[in-house]
Amino acid sequence: MTQTGTTVQGSVEVASFFIPATGSVNSSGALSLAGEAHLQSATETLSNWSTTRSGNALNGSFTLTIVADNPAFGSQILQLTLQNVTKTS
């Protein structure tokens, strides 16, 4: 992710999928992101991203929705939590 002013953009990796995302950081440092990508045979959507930084750690939660191209395979909605995620490079 890169930040210019309050605008943030980049990609989020979830289970080996890279999803382009954009968002913002508010005055208290909370990060909001959203993004969508068509990967393999489904569309993955990031939403409700709300995280805050404490030192070098990022904590918070987001929703990942996966909708298969073939309706017979259905969809999944995952509520995920980040705890003490740190920058690696």
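At-a-glance table
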| item | result |
| --- | --- |
| Answer from Leu80, Leu58 - the residue that is touching a residue at least 40 places away in the same chain (Cβ under 8 Å), assigned to a strand (DSSP E or B) and in contact with a strand residue (DSSP E or B) (Cβ under 9 Å, 6 or more places away or on another chain) | Leu80 |
| Residues of segment 53-66 satisfying the condition of being open to solvent by 20 Å² or more (accessible area, probe 1.4 Å) and of a type in the set (Val, Ile, Thr) | Thr65, Ile66 |
| Which listed residue is farther than 15 Å from Ala15 by Cβ and under 15 Å from the mean Cα position of the chain (by Cα), from Asn56, Asn70, Asn48 | Asn48 |
| All positions within segment 19-52 that are at pLDDT below 90 and open to solvent by 80 Å² or more (accessible area, probe 1.4 Å) | Ser27, Ser28, Gln40 |
| Verdict on Ala34 being part of a strand (DSSP E or B), in contact with a Leu (Cβ under 7 Å, 6 or more places away or on another chain) and over 21 Å from Asn84 (Cβ atoms) | yes |
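The values are calculated or read from the model by the stated rules, or taken from the named source; none is laboratory data. None of these values were measured; they are calculated from a predicted model. Backbone-built Cβ (ideal geometry, glycine too); neighbour counts: all protein chains shown. Remember, those area values only see protein heavy atoms, side chains included, never the ligands or the DNA or RNA. Shrake-Rupley method; radii C 1.70, N 1.55, O 1.52, S 1.80 Å.
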